[in-house]
1. All but one of (1) more than 26 Å from Gly89 (Cα to Cα); (2) at pLDDT below 75; (3) in the same structural domain as Ile36 (by TED's automatic domain parsing) hold for Glu187; state the number of the condition that does not hold.
2. Across region 106-157, what is the total count of residues that are over 23 Å from Thr53 (Cβ atoms), assigned to a helix (DSSP H, G or I) and polar (S, T, N, Q)?
3. Can you run down the residue pairs with Cβ atoms below 6 Å, 6 or more apart or on separate chains, where the first is in region 124-144 and of a type in the set (Ser, Thr, Tyr) and the partner is surrounded by 15 or more Cβ atoms within 10 Å (Cβ to Cβ)?
4. Output yes when any residue across region 14-33 is at pLDDT 70 or above, farther than 30 Å from Pro112 by Cα and buried (at least 17 other Cβ atoms within 10 Å of the Cβ), and no when none is.
5. Does Ala82 qualify as being more than 19 Å from Leu161 (Cα to Cα), within 11 Å of the chain's Cα centre (by Cα), modelled with pLDDT under 85 and of a type in the set (Gly, Ala, Ser)?
Amino acid sequence: MMLIISTIPSYVFDYSYFLYQWAFAIVAAGITSGSIVERTQFVAYLIYYAFLTGFVYPVVSHWFWFVDGWAGAVMWISAITAGCSLHGGCGAWGIIFTTLFAKEKYVNEVYPRKPGPTYGLFMGGGGKLSGAHVVQILVIFGFVSATMGPLFFILHKLKLLWISPEDETAGMDMTRHGGFAYVYHDEDGIPMKKIEPASSR
């Protein structure tokens with residue numbers, strides 16, 4: 001099928017929405033970078049980053065953000081869902097909190113033709129919405145665990161995941177990159193020297 005430029009942007013090729021979602025995918029991967037910097041090998045981070053942003057995030061976000069996604073079609077989903085993929089526990093609490101206090105008026109604005117009470121438990125909507133959101137949280141947790149767990153296991157077995165304890169202690173600027181990111185001098189004013197990398201864990 002030939003793509004005709006005059007058809008862009010369209011519902012199928014909405015690049016502004018793609019860039020919007022891409023920004024969330026980048027943030028999802030970027031949040032972890034601070035916790036693994038100078039603890040993992042760079043190639044392991046690149047593999048993780050590509051897998052998370054190229055497969056895991058798009059699948060989960062489609063489930064919840066798109067109208068035709070299975071979760072978006074059967075239950076009310078708030079923008080807080082993005083927080084779950086970014087911040088785990090706080091995102092999960094945000095989703096649960098929404099199920100407790102979602103007003104019928106706002107739910108009907110988003111999903112006007114949904115039958116039955118699909119609004120917050122404390123707003124008289126019953127537990128249907130809360131139950132659906134607990135399922136969401138469990139599905140996201142299960143899917144991410146089932147996809148990322150084996151990836152990290154494989155990276156670990158290939159000795160790509162962790163750097164050696166010696167490299168971690170000395171710092172990867174010295175052992176992997178050939179020098180300090182900044183000019184450092186010891187107490188006597190002598191520049192510090194490069195340390196050769198140790199073997200990986």
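The values are calculated or read from the model by the stated rules, or taken from the named source; none is laboratory data. Here the structure is a predicted model, which means the values were calculated and not measured. Reconstructed Cβ throughout: ideal geometry from the backbone, glycine too, with neighbour counts over all protein chains shown.
1. So Glu187 meets the others, but not (3).
2. Of the residues in that region, 2 qualify.
3. Filtered contacts from region 124-144: Ser130/Thr99; Ser130/Leu121.
4. Taking region 14-33 as the starting set, the residues that turn out to be at pLDDT 70 or above are 15-33.
This time we only want the ones that are farther than 30 Å from Pro112 by Cα, so: 26-33.
In the following step, the residues that additionally are buried (at least 17 other Cβ atoms within 10 Å of the Cβ) were identified as 28-29.
Within region 14-33 (the criterion being at pLDDT 70 or above, farther than 30 Å from Pro112 by Cα and buried (at least 17 other Cβ atoms within 10 Å of the Cβ)), the answer is yes, since at least one residue qualifies.
5. Details: more than 19 Å from Leu161 (Cα to Cα): yes; within 11 Å of the chain's Cα centre (by Cα): yes; modelled with pLDDT under 85: yes; of a type in the set (Gly, Ala, Ser): yes.
Answer is yes for this residue.
One line per residue, one yes/no per condition, for (1) within 11 Å of the chain's Cα centre (by Cα); (2) over 22 Å from His133 (Cα atoms); (3) not hydrophobic (A, V, I, L, M, F, W, C):
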{"position": "Tyr20", "(1), (2), (3)": "no, yes, yes"}
{"position": "Ser35", "(1), (2), (3)": "no, yes, yes"}
{"position": "Ile47", "(1), (2), (3)": "no, yes, no"}
{"position": "Phe51", "(1), (2), (3)": "yes, yes, no"}
{"position": "Tyr57", "(1), (2), (3)": "yes, no, yes"}
